[in-house]
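Read through the structure below, which is laid out as structure tokens, and then see the notes.
A short reminder: the numbers here are calculations on the coordinates, not readings from a lab. This one's a predicted model, so the numbers in the text were calculated from it and none came from an experiment. Here the Cβ is made from the backbone with ideal geometry for all residues, glycine too, and neighbour counts use every protein chain on show.
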Amino acid sequence: MTQRGPHPDLVSFNSVMGACGRRQQLEQVLELLRSTRRVLGVVPDEFSFTYSVAACERRQQWALALALLCEAAQAGLQWSPTGAATATNAALSACGSHGLWRVAAALLESLVSVRLSNVVTYTAAMAACASRACWTSALKLLLDMPEARLDATAAAATAAINACEAAQQSAQVPSVLGSAAYQAQNVLAWMKPAPYLTKNKTYVGQSVVYGSRLLLLHVFCIMTILDHILLLRYL
């Protein structure tokens, strides 16, 4: 690459890193990252580190992803808001795949402190909680989203549901979903599940029985999000 044709630059290196990362070729990505100084004589930029951390996420290499973020910080890299959020979210997801919910929560807090958190950040953190059945932490994150001016997506709500399912605390979810979406009183009155939605002819009142638990919770999730959209339209 350096012997024939146009002399490569950092942009071309980053493009190749991105392509290799999408193919989960982590070793090649890291080699290119190290080669930027040796071959080009320049310091890797935010795209270099973002592609590298994303490649770690795809291979679920959480420790390496965190090490790259630390390396970027030590190098004094000046992140753009989008770059910082993308790279940190990728590292957070890598941690979540291993159930490192405390580390994921710390990464989320780092983005919240500088107002760079987004729906992806919260969803990845809740997924990390779900893998360790930390349902209270997952639901707290869901409740924190409106305060961060973020709307709970289906993916975010599902991550919280999964955490409750893992901890066998599914009966807690409907009221919490309503509270997170509306922050108002009596908005779940029309959303109470009907007996015909249950299996084995089990009546559902204020709680959700195990046989129909997952189905009902996903119905609650979808209805809550759709109704929230309708409320925003008429505000």
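How about the range 27-75: which chymotrypsin sites (Phe, Trp or Tyr not before Pro) there lie in a loop by DSSP and see at most 16 other Cβ atoms within 10 Å?
When the chymotrypsin sites (Phe, Trp or Tyr not before Pro) of the range 27-75 are filtered for loop state and at most 16 Cβ neighbours within 10 Å, nothing remains.
How many nm is it between the label spots at ARG22 and VAL39, if each spot is 7 Å from the Cα in line with the beta carbon?
Result for the modelled spin labels: 1.9 nm.
Is the range 1-81 best put as rounded, prolate or oblate by its Cα gyration tensor, with a ≥ b ≥ c the root eigenvalues, rounded for a/c under 1.5, and otherwise prolate when a/b is larger than b/c, oblate when not?
Cα axes put the range 1-81 in the oblate bin.
For the range 11-50 and the range 73-93, write down the distance between their C-alpha centroids in whole Å.
15
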